[in-house]
1. Using only Cα atoms, what is the ratio of the radius of gyration of the stretch 155-286 to 2.2 N^0.38 Å?
2. By how many nm would the segment from HIS95 to VAL140 lengthen if fully extended, with 0.36 nm per residue of separation less the alpha-carbon distance?
3. Specify the angular offset, from 0 to 90 degrees and rounded to the nearest 10, of the alpha carbon long axis of helix 9-31 from the longest principal axis of the alpha carbons in the chain.
4. Kindly provide log₁₀ I(q)/I(0) values, in the same order as q = 0.12, 0.18, 0.20, 0.22 Å⁻¹, from the Debye equation applied to equal alpha-carbon scatterers of the stretch 35-118.
5. Length gain on complete extension for the stretch GLU66 to GLN188, per 0.36 nm per residue less the alpha carbon to alpha carbon distance?
6. What's the whole-number percent of alpha carbon pairs in the stretch 63-217 lying beyond 29 angstrom?
7. Sorting GLU148, GLU46 on the 10 Å Cβ count, fewest up front, what's the list?
8. Sort GLU225, GLU177 so that the residue with the fewest other Cβ atoms within 10 Å of its own Cβ comes first and the one with the most comes last.
Amino acid sequence: MMDRLLENNTILKILSLVVALFLWVDVTTTNAHVVGDRPIGPVPVEYNPPSKSDLTVMSMSPTDVEVQIKGPVATVTKTVPQSISAFVDMKSLTHSGTYTLPVRVSVPVGTSFVSVAPPLVTVVVDQLGTRRMNISLKAVGSPAPGYELTQLTATAQTATVSGPTADLDKIRELMAEMPVGGRTGGFQEQVILMPLNARDGVVHNVQVSPTMVTATASIKKRPPEKTVGVVAKISGYPAKGFAVSTIAVHPASVVVTGTKSALSSLSVIYTVPISVSGDSAPVSSAVPLAFPSGVSGVTNQDVSVSVTITKAG
């Protein structure tokens with residue numbers, strides 16, 4: 001009877017399947033109780049901000065950690081960083097400063113927390129502030145040839161800047177750039193206000209209100225210009241037995257502007273008279289120019305005059 005059963009292939013296949021199933025259940029039951037551990041990371045660190053509304057988190061280092069967990073091998077093997085929560089509680093912070101705070105970890109059901117590396121993070125907290133600052137306008141580029149920028153104005157004179165006090169202290173100027181390149185007439189344009197530091201770099205982590213203002217550029221045709229020589233005018237006479245030997249003027253020429261008729265007949269500009277009366281030694285002085293009617297200097301500057309006085313004969 002037994003021999004006949006063993007000779008039946010169907011019966012043998014059924015017996016083999018039953019044995020295999022029994023062995024699989026036994027191994028699975030055994031592995032379910034095998035405990036393993038492994039590090040998982042990087043796990044990003046989240047935080048609860050300070051409860052005081054005038055405090056802000058400037059930085060946190062590091063921003064991710066590695067978490068060691070343990071549990072059934074199958075469960076631990078399948079655990080991914082996204083299923084683990086790492087966070088830092090900052091609600092109790094009440095003043096600006098640098099703090100070292102513990103990292104708290106929450107792991108998935110079926111696993112246990114072993115350790116976190118690093119266990120502490122460094123947090124920098126600063127106080128928020130607000131300042132009112134004057135607005136500066138800067139022309140970028142040059143108007144078309146023969147034209148000049150005469151005035152830059154904005155619809156607002158000041159703006160409010162808010163942010164961490166450490167960043168507010170870095171701001172040297174609240175400036176907006178106005179492009180005037182190639183322009184031949186006045187115009188208006190919306191310009192962005194930029195908080196700049198001492199190196200003309202933009203200060204980040206601050207907010208400017210308003211962020212933009214309307215700027216107006218006044219541009220007009222430049223009056224005619226002409227380059228003319230400078231002649232020093234001397235008054236009086238040196239001491240008896242002395243005479244003027246040389247007169248040096250610097251700069252030797254200047255650029256002047258005025259009406260066409262006034263410039264057409266102008267070849268030199270004289271200085272205000274320099275007195276050498278009774279002098280027996282060299283005379284040096286910075287003196288203004290005596291512009292005729294209808295003529296003015298492109299730049300307001302005095303000229304330097306040196307008079308050399310030597311013995312006569």
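All of the numbers you see were taken from the coordinates with simple rules; none came from a lab. What you see is a predicted model, and the numbers here were worked out from it, not measured in a lab. Glycine also receives a Cβ, built like all others from the backbone with ideal geometry; neighbour counts cover every protein chain displayed.
1. 1.89
2. 11.9 nm
3. With both axes taken from Cα atoms, the answer is about 50 degrees.
4. -0.41, -0.74, -0.84, -0.95
5. Here the segment from GLU66 to GLN188 would lengthen by 38.3 nm.
6. Of the Cα pairs, 50 percent sit more than 29 Å apart.
7. GLU46, GLU148
8. Lowest to highest Cβ neighbour count: GLU225, GLU177.
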